[in-house]
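One structure is given here, and the rest of the page talks about it.
Bear in mind that the values in this text are calculations on the coordinates, not laboratory data. Worth saying up front: this structure is predicted, and the values here are computed from it rather than measured. We place every Cβ from the backbone using ideal geometry, glycine too, and count neighbours over all the protein chains shown.
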Amino acid sequence: MDKNKNNFQLVVIGGGSAGLSAIGLAHQLGLSGVALIEASDRLGGECLHAGCVPSKALIHASKAYPEDPVKAWDHVRASIAAIEQRSDNRAAVEAQGVTVFQGKARFVDAHTVQVGEALIKGKYILLATGSVPSVPPIPGLENIPYLTNESFFALDALPKSMLIVGGGPIGCELAGALSRFGVTVTLLQRGNRLLNRETPPVSEAVKMGLEAVGVRVVLNADTQQVEKTNEGIIVRYKNPNEQEVVAEQILIAAGRTPQVAGLNLEGIGVTTGDAGVIIDTYLRTSRRTIYAIGDVTPSPKFTHLAAQQAGLALRNMLAGPFKRSTTSLSPLPAITFTTPEVARFGIDSDTAVVQKLHVERLDYAEIDRAVTDQKDGFIEVVVGKKGDIVGATIVGERASEILSPLLVAARGGVPLSDLATTTFAYPTLASGINILASRYATSQTKQKISFKIAARGWRK
């Protein structure tokens, strides 16, 4: 037997979006001796099979053909299959010169991982095992067939009624889509508003959007107990008095937990916490030859961040001790695909007030394309002391797309006033950025003129 058969330069654990991004970049860089370990019999991870892809496909289908849930479900599965067949499959990965091992990984030491009977050695090991749905300790939940986003997309048909526990992005996105199909949806949120990482006006806009399509939103709802009966699943909650709701099925959308179980990380000295595997600014764990990226770390759980981290981790592995990079990956966009969409990065308006920064705001009503399309919303841009863009929040149609020019400008240090002289196509929703920037530039010019007049003692 060849002693070097299972010796690699790089071993990636996890074939989800983070791991596959690392594999793809390793191939582009010409790195040989790469192995991928994946516990599931399919590549693509949560994002492809139970997260970003199917949820966005379902949202699209709920708007395109709300009267035909069967066609919608076919569209969801076809979307997954198209991406899986294009790139997220074993043959495509192996065509890049990668050796794929299917099975659960367990560390033997800082350079060795066991999968079944195989011992796989790597000069560097990249942890990209992702996350699993968080399940709160609700009494009775262990006795009923509850859903998470992972089991939800394995359903053969939509239920007549659904109770969703959790008012974060997953809960809000699925609540809106299901309701448009005619499913009776109740959304229980323990806090006093939805999407608690957003500002109150954003949370309220999403709540109104959900209620507009028929979702019953209950805030300050402390779930007390669940029980399966002949009538369906009964959920009891306090709001503030005890109440109950009956639904055919219950979906738990209470966030994500890093997937570290069974890896024996503690046994080899890799430090972990409640938020996942602890990493430094180079994305290294406490064992310097083991790096970690994506949902398994305390980093924000975004597919686009995991992809950027994959590139940074590989560059740091190859660069050597004196050329490693801690390049900031910000500004980091966060998108919630509700109706209206919510898109943001950097400092929000509430924080801007505390830091005494300027906030420039434009309502969609001032954008001609929004008027013709009958769309409501707003754009807010937070401006730094030097006129640079340090944050933005957009609520409304195509918010996720409109955010991109502001991201590029912020990353490049382009002042907001410079976007006033950038020609945006008309009529587009993105042209609202030009209107907002022009207003800001004009206000700054007026301030300068007023200052000069006052300084020189001129009179009008």
*Pull up the range 100-131, narrow it to residues that are without any contact (Cβ under 8 Å) to a residue 24 or more places away in the chain and outside any loop (DSSP other than H, G, I, E, B), then point me to the one that is nearest to Ser32 (Cα to Cα).*
Thr112
*Would you mind finding the one in Gly384, Gly412 that is in contact with a strand residue (DSSP E or B) (Cβ under 9 Å, 6 or more places away or on another chain), free of Cβ contacts under 8 Å to residues at least 40 places away in the same chain and either of a type in the set (Asp, Glu) or farther than 15 Å from Ala343 by Cβ (or both)?*
Gly384
*Close pairs from the range 9-24: first among the β-branched types (Val, Ile, Thr), partner in a helix (DSSP H, G or I), Cβ under 7 Å, at least 6 apart*: Val12/Gly19; Val12/Ala22; Val12/Ile23; Ile23/Val93
_Quick test of your reading of the structure: Ser325 fulfils all but one of (1) hydroxyl-bearing (Ser, Thr, Tyr); (2) surrounded by fewer than 16 Cβ atoms within 10 Å (Cβ to Cβ); (3) under 14 Å from Ile125 (Cβ atoms). Name the failing condition by number._
(3)
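Sort out which residues of the range 81-99 are in contact (Cβ under 8 Å) with a residue 60 or more places away in the chain and either under 25 Å from Ala57 (Cα atoms) or surrounded by fewer than 17 Cβ atoms within 10 Å (Cβ to Cβ) (or both), and write them in order of number.
The answer is Ser87, Asp88, Val93, Gln96, Gly97, Thr99.
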*Could you check the range 328-421 for strands (runs of 3 or more DSSP E) lying wholly inside it with 3 or more residues that are of a type in the set (A, V, I, L, M, F, W, C)?*
342-346, 377-383, 389-396
*Condition met for Arg288 (buried (at least 16 other Cβ atoms within 10 Å of the Cβ) and free of Cβ contacts under 8 Å to residues at least 60 places away in the same chain)*: no
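Is it true that some residue in the range 82-89 is touching a strand residue (DSSP E or B) at 6+ places or on another chain (Cβ under 9 Å) and small (Gly, Ala, Ser)?
Restricting attention to the range 82-89, the residues satisfying the condition of being touching a strand residue (DSSP E or B) at 6+ places or on another chain (Cβ under 9 Å) are none.
So far as the range 82-89 goes, no, none of its residues is touching a strand residue (DSSP E or B) at 6+ places or on another chain (Cβ under 9 Å) and small (Gly, Ala, Ser).
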*If you go through the range 32-69 one residue at a time, how many are loosely packed, with under 15 Cβ neighbours inside 10 Å, in contact (Cβ under 8 Å) with a residue 12 or more places away in the chain and not in a loop (DSSP other than H, G, I, E, B)?*
1
